[in-house]
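Right, one structure below, let's go through it.
The values are calculated or read from the model by the stated rules, or taken from the named source; none is laboratory data. Model, not experiment: these values are computed from the prediction. Neighbour counts are summed over all protein chains in view; Cβ atoms, including those assigned to glycine, are modelled from backbone coordinates with ideal geometry.
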Amino acid sequence: MFRSYTDARARFALAAALTALPAGSPLAHGFAGQRFFPATILTDDPFVADEMSLPQVTVNPPGPDGSRETDIQIDLSKRITPDIGVTIRDQWQRLKPTGLPAVTGLGALQTGAQYQLFVNGPHEALGLVGLNATWAHTGRVQALGAPDFTTLSPTFDFGKGLGDLPRSLPYLRPFAITGNLGFDFPTKVESAGLPNPNTFNYGFAFEYSFPYLQCCVKDIGLRAPFNRLIPLVEVAFTTPINRVSASQTVGTIQPGVIWAGPYFQIGAEAILPATRLTGHGYGGVVQFHVYLDDLFPHSIGRPISEWW
Amino acid sequence: MRRTLVLVAGALAIGAEPSAWAHAFLDHASPAVGSSVPASPPVVTLWFTQDLEPAFSGVTVTDEAGQRVDLGKAQIPQGSPDELQIGLKPLTPGTYLVSWHVVSVDTHPTEGTFTFEIKP
């Protein structure tokens, strides 16, 4: 296939495709200039993409009441145009309350629409706005606590690499931060006698990219698989802004590492509760995540607007 | 759930396109990224993780004043489609900036810069 692609017709198609690319197009997963942003596990990514998590397995820390929850999640991101994308996510859950039998089933279906606000290559910066929806009655409401109401969640996601620091600070340049700022607006003020507050959600991922260190700062001799590792710490919090006390903030701190290859990435993080209300002890999450744009660059890996 | 996973994995396997296609990352370079070398190298060579599209791949080398010190035309050597090479003028001691942009054979562009130093 490689050889056939070098014929004249394929070269013309390639040239046409490249010519048609809008300036600053992110070209699927997280590139801004020479910075590659991996797909993070806890916090949403600041770029539209053709990617899929298949699966993400989470063993949550014990809740405040000692209950244990395990989730297996599938997550798909698809570009409609180079700058507009959609996401869909669902998960199978197993909940084991203390002293009661375990219950299993699907959680609520989540979908999202995204627009890539900007990609700044020289400053390694990305910005994205999105509107996510968690849909009512799409999971086991009574048994698993899936919502009987729809929640709308506008969000702003950003990413910034520190590669534009002076070259006199070489070992700081591989650092990057991504983050989310958003709100949840439930469409029903209470369920089963309990309030459904509006909430403010904020989360950040602090990353140190060994690939960036190797390619763009200093080749320190790392070889596979270590030259593709990205250690990171993610944090995310949800704070009520009405109907209940703001002290009911929940959140987690998740140190871990991502290995990013040419076609997929594998990530693993520990889960540490950041507030007493979140739980106690520790949990863990692993994720296998594929880059559809690299696996299928001439078909489903392209934006739908470029299929014809 | 298990059936869903099997179906999706099967679809991926059946639909998988050739494995030589993905974004091209810089694997290593000579002179090495961020290195100090004792004398002026005749060429800068970059090795990438994927094969390159010659018509859309290039590299320049500039000195601290921003003046180009390369010989003008980057080349992909015969039989090494993942390699990009450019000749250099004789260089004096100092720091030099290598700026590259490449397109892998699946049309994904990537770019990057790094420096190397020639010791006094």
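So here's what we get for this one:
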read-out	value
Residues that are modelled with pLDDT under 90 and buried (at least 22 other Cβ atoms within 10 Å of the Cβ), drawn from the range A:7-63	A:Pro26, A:Ala28, A:His29, A:Gly30
Flag for A:Thr70 being in a strand (DSSP E or B) and more than 12 Å from the chain's Cα centre (by Cα)	yes
Restricting the range B:86-112 to residues that are among the small types (Gly, Ala, Ser) and buried (at least 19 other Cβ atoms within 10 Å of the Cβ), the residue that is nearest to the other protein chains (Cβ to nearest Cβ)	B:Gly112
Members of the range B:23-55 that are part of a loop (DSSP other than H, G, I, E, B) and loosely packed, with under 14 Cβ neighbours inside 10 Å	B:Pro38, B:Ala39, B:Pro42
Residue count, the range A:73-104 (criterion: exposed (fewer than 15 other Cβ atoms within 10 Å of the Cβ) and either without any contact (Cβ under 8 Å) to a residue 12 or more places away in the chain or not in a loop (DSSP other than H, G, I, E, B) (or both))	6
Extreme residue, nearest to the other protein chains (Cβ to nearest Cβ), among residues of the range B:21-44 that are touching a residue at least 24 places away in the same chain (Cβ under 8 Å) and among the polar types (S, T, N, Q)	B:Ser35
Filter result for A:Leu277 (more than 21 Å from A:Gly161 (Cα to Cα), aliphatic (A, V, I, L, M), in contact (Cβ under 8 Å) with a residue 60 or more places away in the chain and surrounded by fewer than 19 Cβ atoms within 10 Å (Cβ to Cβ))	yes
Residue in the range A:184-203 that is in contact (Cβ under 8 Å) with a residue 60 or more places away in the chain and closer than 30 Å to A:Ala146 by Cβ present	yes
Where A:Ala224 falls short, out of the listed (1) at pLDDT 95 or above; (2) within 14 Å of chain B (Cβ to nearest Cβ)	(1)
Selection from the range B:65-85 of residues that are closer than 18 Å to B:Gln50 by Cα and surrounded by 10 or more Cβ atoms within 10 Å (Cβ to Cβ)	B:Ala74, B:Gln75, B:Ile76, B:Pro77, B:Ser80, B:Pro81, B:Asp82, B:Glu83, B:Leu84, B:Gln85
Tally, over the range B:28-63, of residues that are out of contact with any Asp or Glu (no Cβ under 8 Å at 6 or more places or on another chain) and within 19 Å of A:Phe31 (Cβ to Cβ)	4
Number of the condition not met by A:Asp157 [criteria: (1) surrounded by 22 or more Cβ atoms within 10 Å (Cβ to Cβ); (2) closer than 30 Å to B:Thr115 by Cβ; (3) of a type outside the set (A, V, I, L, M, F, W, C)]	(2)
